[in-house]
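In what follows, a single structure is set out as structure tokens and then discussed.
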Amino acid sequence: MKTIGVLTSGGDAPGMNAAIRAVVRTARENGMDVYAIYRGYQGLMEDDMKLFDVRDVSDIIQRGGTILYSARSTGFNSPEGVAKAVEVCRKRGIEGLVVIGGDGTFRGARDLSNAGIPCIGVTGTIDNDIASTDYTVGFDTALNTVKDMVDRLRDTVESHSRCIVVEVMGRTCGYLALYGGIATGATCILIPERKLDLDRDVIEVMRRTQKTGKKHFVIMVAEGVVPMLKEQGIDDISGLAKFIQSKTGVESRSIDLGHCQRGGSPTVRDRITASMTGNRAVHLLLEGMSNRVVVMQKGSVVDYDITEAVDRMTKEIDLDLYRLAMEISI
Ligand code: F6P
């Protein structure tokens with residue numbers, strides 16, 4: 001293999017730049033040309049790319065976001081879109097691709113691999129929602145951002161003896177909420193992997209802790225729980241704060257931490273994981289592999305068939321960790 005491409009796709013994640021750097025430098029060090037493809041699969045279809053050398057990825061390991069920009073391309077999700085991307089790869093002489101992102105990105109890689117362009121996936125998503133891996137690049141930084149913001153919120157809710165309902169991202173997965181809730185000492189943690197019972201999971205817990213003298217409360221809510229709230233006639237986290245106030249008498253506010261969670265300089269863990277998995281992805285291409293995703297299992301870098309990883313594996317949340325959180329949140 002003489003020429004490869006690298007792109008980032010889907011929601012950005014801190015650590016994507018560290019992965020790009022690892023891919024470009026590993027490729028150059030092993031005698032390959034490497035195209036940096038802008039705006040994910042959309043940019044690939046539009047032939048928006050540039051040859052990168054080792055110095056083009058200097059000073060990016062510490063930067064959040066992605067220097068290649070990202071997109072959620074709808075046009076690519078069709079046989080015509082894939083055919084267009086293959087045509088561009090053939091024209092440029094691109095023989096393999098490293099794609100950095102989440103589930104949607106890997107589905108695109110599977111389609112391109114099946115169409116004859118070998119692809120290797122590297123994780124880059126704050127959600128930690130990919131079944132084949134213990135860990136996704138970006139999760140640790142996002143978690144630390146949640147921790148920093150909730151620590152600040154705790155200061156002010158404590159001063160006013162209030163309750164704060166905090167919504168965090170994660171799509172349909174509760175990892176950010178569960179880990180963020182444990183790290184910030186949240187009184188209640190609501191995740192989509194558990195059936196929701198507001199009286200049992202929030203009101204009763206608050207009342208019980210009030211009896212031992214607790215006066216301020218952090219309620220951590222995964223965004224995937226909002227549809228479950230709606231089923232119970234509560235529109236959003238602001239509605240949940242009003243519900244809590246009406247049931248407990250504790251003055252309540254709400255905040256959605258939103259896209260702040262996706263920004264910021266990557267943590268050590270994200271930089272190192274991105275460097276390890278980006279490096280391995282290029283070596284897999286050099287070994288003639290295709291349609292693989294490079295992930296972390298028990299601290300080691302391993303790889304799986306993408307079709308297996310995205311279509312057949314399911315991500316389980318550690319409900320024992322939830323039990324632990326509840327046991328010590330009192
Ligand atoms: O997948 C990453 C993520 O940040 C999710 O947690 C969230 O649901 C979604 O992306 C938000 O997407 P957008 O940036 O398109 O609003």
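The values are calculated or read from the model by the stated rules, or taken from the named source; none is laboratory data. Since the structure is predicted, the reported quantities are computational estimates derived from the model, not experimental observations. Note that each Cβ is placed from the backbone with ideal geometry, even for glycine, and that neighbours are counted across all protein chains shown. SASA here: full protein model, heavy atoms, side chains in, ligands and nucleic acids out. Shrake-Rupley method; radii C 1.70, N 1.55, O 1.52, S 1.80 Å.
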Open item on the list: Show me the strands (runs of 3 or more DSSP E) entirely contained within the stretch 40-138 in which 3 or more residues are within 23 Å of residue 11 (Cα to Cα) and among the β-branched types (Val, Ile, Thr).
Closed with: 96-101, 119-123
TODO: Identify, by number, the condition in (1) buried (at least 24 other Cβ atoms within 10 Å of the Cβ); (2) hydroxyl-bearing (Ser, Thr, Tyr); (3) in contact with a Lys or Arg (Cβ under 7 Å, 6 or more places away or on another chain) that residue 66 doesn't meet.
DONE: (3)
Task: Of all residues in the stretch 2-18 being away from the ligand (no atom under 16 Å from the Cβ) and touching a helix residue (DSSP H, G or I) at 6+ places or on another chain (Cβ under 6 Å), the one that is nearest to residue 261 (Cα to Cα) - done: 18
Open item on the list: Taking the conditions exactly as written (buried (at least 24 other Cβ atoms within 10 Å of the Cβ), of a type in the set (Gly, Ala, Ser), within 16 Å of the ligand (Cβ to nearest atom) and assigned by TED's automatic domain parsing to the domain that holds residue 225), does residue 170 satisfy them or not?
Closed with: yes
- [ ] Evaluate the following for residue 192: is it surrounded by fewer than 18 Cβ atoms within 10 Å (Cβ to Cβ), within 15 Å of the ligand (Cβ to nearest atom) and not polar (S, T, N, Q)?
- [x] no
Task: Single match in 97, 153 (criterion: open to solvent by less than 10 Å² (accessible area, probe 1.4 Å), out of contact with any helix residue (DSSP H, G or I) (no Cβ under 6 Å at 6 or more places or on another chain) and at pLDDT 95 or above) - done: 97
- [ ] Check residue 233 against each of (1) out of contact with any Asp or Glu (no Cβ under 9 Å at 6 or more places or on another chain); (2) closer than 17 Å to residue 151 by Cα; (3) of a type in the set (Gly, Ala, Ser) and name the one condition it does not meet.
- [x] (2)
Task: All positions within the stretch 28-79 that are of a type in the set (Phe, Trp, Tyr) and either within 16 Å of the ligand (Cβ to nearest atom) or touching a Ser or Thr at 6+ places or on another chain (Cβ under 6 Å) (or both) - done: 41, 69, 76
TODO: Inspect all residues belonging to the stretch 145-156 and state whether any of them is within 17 Å of the chain's Cα centre (by Cα) and within 11 Å of the ligand (Cβ to nearest atom).
DONE: no
Open item on the list: Condition first: within 20 Å of residue 148 (Cα to Cα) and either modelled with pLDDT under 95 or part of a helix (DSSP H, G or I) (or both). Can you find one or more residues in the stretch 201-208 that meet it?
Closed with: no
- [ ] Enumerate the pairs (first residue in the stretch 189-204 and closer than 15 Å to residue 241 by Cβ; second residue anywhere and among the hydroxyl-bearing types (Ser, Thr, Tyr) and buried (at least 16 other Cβ atoms within 10 Å of the Cβ)) with beta-carbon separation below 7 Å, excluding pairs fewer than 6 apart on the same chain, so at least 6 apart or on different chains.
- [x] 203/248
Task: Number of the exception - residue 148 against (1) under 30 Å from residue 298 (Cβ atoms); (2) without any contact (Cβ under 8 Å) to a residue 12 or more places away in the chain; (3) assigned by TED's automatic domain parsing to the domain that holds residue 16 - done: (3)
Open item on the list: When you scan the stretch 101-109, do you find a residue that is of a type outside the set (S, T, N, Q), touching a strand residue (DSSP E or B) at 6+ places or on another chain (Cβ under 6 Å), within 16 Å of the ligand (Cβ to nearest atom) and open to solvent by 20 Å² or more (accessible area, probe 1.4 Å), even just one?
Closed with: no
Open item on the list: I'd like the full set of residues that are part of a helix (DSSP H, G or I) and either among the polar types (S, T, N, Q) or at pLDDT below 95 (or both), limited to the stretch 12-39.
Closed with: 17, 26
